[in-house]
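What follows is a set of notes on a single structure, which appears directly below.
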Amino acid sequence: MDEALFREAEKSYAAGDYRAAAKTFLAAAGRRAEGSGPAYHQAGNALMKLRREHDAVTVYGHAMKDETYERRGAVLANLGRAQTATASYHEAVETYKRALEEPDYTTPYKALQGMAAALWQMERFEDAAKAYRKAALESDNPDPGKALNNLGQCFMKIGRPADAVEAYRAALGVDDYAGKGKATSNLGMAYAAVGQPDEACRAFEKAVHLHGHALPPEAAASFEQCRDTVMADSPDRETIEGWSTGDMPAVGMMQGAETASSEEKPAQDAAGVPFGDAETEFFTLSEAEMKERDRASRRVEKQQRRSERNPWVIVGTVAGAIVALAVVIGALYYFGIGWPTQRQAVTGMMDGYAAGEGVEPYWVAVPQADIDKEMSKITPSFAGYEMDGVERTPMTSKVDLTVTPAKGAPMHYKVTLAREGVGWKVTGIENDWASTGGTP
């Protein structure tokens, strides 16, 4: 390989002159396979920049002929990406598998995500889900939220919306994930698919008002349908409130699964996957363990069915219990009862604020900056506080809060809360100027 030409080509590539870079890298490669791997590798990358994917496939193949090249795994991953771009999906999957077998390959999450994207195009959604799951669990993956969101898309395709809910929630638990708007919108679609219109409405509201995400047509239609269902079930209910701390601009619409990333440069070290509370058994069990657990569950069900001597009595008893339980739960839900209660959520928030501790557990999932902005309305050095009353509806509530500062007159606030699961969490704090006796 001609080192001088190689350095010249690198300068052209860095300057964005990919046509000159590709030509010079190829000239630097020479005629011998040995030692030419780096030049062919970078020539392929330049051709990909020029959208000449078919040529890139050929050039990456030349790079693989250099048995001494230390970055064969990276070449194979980029070759798989080029094959996917040329609709050679089966070949791409096999190439990505070869990349994962290379001992020098240090960023397997890229090959896994690329393989999953090719499998998605082949409509092998279950296999794509397995690949996305593995990519999300890779400790070096700097953006596991992308893989988790796409994992949810696969679950929706194979008719497992409950698993999709968990995947989207896990994606939203990744602090630095930039696609939280689309993941929240997708979460709304999953909730709608499992028959939870209330949760779906809340997710759609957050996608729009919290993350500034413009709902695609399918999600917008689902939002309207879920909202109509909720209003029909509870005609006197207040309009569902989303989170809003000011006008937020809309961002681009989601268009299916996200694409795999390129591997032009060596990967940098990355943090582990921060699933936190969103982690479920799906993310901790192996495929074999999941299948064995499913078989064991079916065996138990068969044994129970054989042992039932009078199934109609059992069915009647269970049905009656379910109806009674549903009536109780419905009444509690309608009257705004939950656990933790509104008072418990506000008490935990105020006590944590006074102690200088984090108050995030008592808030809905919003950015820390928004929480800090809302909490700053209350002086942290207060002498005491008192809750004067609670306004309850099925989905939203308001707590009248009086805070007594260390110095000065008491201040009055209205703390708004939203139902999350079976309990309540804070969504905002407003000064109650009418009760305080002043003007805003």
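Values in this text are rule-based calculations from the coordinates and carry no lab data. Treat the numbers as computed from the prediction; the structure is a model and nothing was measured. Positions of Cβ are generated from backbone atoms using ideal geometry, with glycine treated the same way; all protein chains shown enter the neighbour counts.
About its Cα centre, the dipole of the stretch 102-240 is roughly 160 debye, where the only charges are +1 on Lys and Arg Cβ and -1 on Asp and Glu Cβ.
Taking other C-beta atoms within 10 Å as the exposure proxy, Met115, Met189, Met122, Met48 rank Met122, Met48, Met189, Met115 from fewest upward. The simple spin-label model puts a point 7 Å past each Cα toward its Cβ; for Glu94 and Lys414 those points are separated by 6.7 nm. For the stretch 90-202, a/c is not less than 1.5, where a ≥ b ≥ c are the root eigenvalues of the C-alpha gyration tensor, and a/b does not top b/c. That puts it in the oblate class. Between Thr347 and Glu430, the FRET efficiency estimated from the beta carbon spacing at R0 = 22 angstrom works out to 0.75. Checking the a/c ratio against 1.5 first, then a/b against b/c, what shape does the Cα gyration tensor give for the stretch 342-436? It is oblate, given that a/c is not under 1.5 and a/b is not larger than b/c.
Ranking of Thr106, Thr84 by neighbouring Cβ atoms within 10 Å, starting from the fewest: Thr106, Thr84. Ordering Tyr89, Tyr60 by the number of other Cβ atoms within 10 Å of each residue's own Cβ, fewest first, gives Tyr89, Tyr60.
One decimal place: the segment Thr58-Thr402 gains 116.6 nm when fully extended, by the rule 0.36 nm per residue minus the C-alpha distance. Of the peptides 368-379, 130-141, 397-408, the order by per-residue mean of other Cβ atoms within 10 Å, starting with the highest, comes out as 130-141, 397-408, 368-379.
In this simple spin-label approximation, Lys11 and Lys373 carry label points 7 Å from Cα along the Cα→Cβ vector, and these lie 4.8 nm apart. Remark: spin-label model distance Ala355-Trp339 equals 2.2 nm, labels positioned 7 Å along the Cα→Cβ axis. When only the Cβ of Lys, Arg, Asp and Glu is charged (+1, +1, -1, -1), the dipole of the stretch 3-253 relative to its Cα centre reaches about 960 debye. For the stretch 3-253, what does the alpha-carbon gyration tensor say about shape, rounded, prolate or oblate, given a ≥ b ≥ c as the root eigenvalues, a/c under 1.5 as rounded, and a/b over b/c as prolate? Prolate, because a/c is 1.5 or more and a/b exceeds b/c.
Note on Lys182: lysines with a C-alpha under 16 Å away, same-chain residues under 8 apart excluded, are Lys146, Lys206.
Please work out the Cα center distance from the stretch 363-437 to the stretch 67-103, rounded to the nearest Å. About 55 Å separates the Cα centre of the stretch 363-437 from the one of the stretch 67-103. Computed about its Cα centre, the charge dipole of the stretch 1-117 is approximately 360 debye, with only Lys, Arg, Asp and Glu carrying charge at their Cβ. Counting 0.36 nm for each residue step from Ala87 to Glu123 and taking away their Cα separation leaves a gain of 11.7 nm. Rounded to the nearest Hz, the phi-derived 3J(HN,Hα) couplings of the stretch 206-218 under the Karplus curve 6.51 cos²θ - 1.76 cosθ + 1.60 (θ = phi - 60°) are 5, 4, 7, 7, 8, 9, x, 8, 7, 5, x, x, 5, where x marks glycine and proline.
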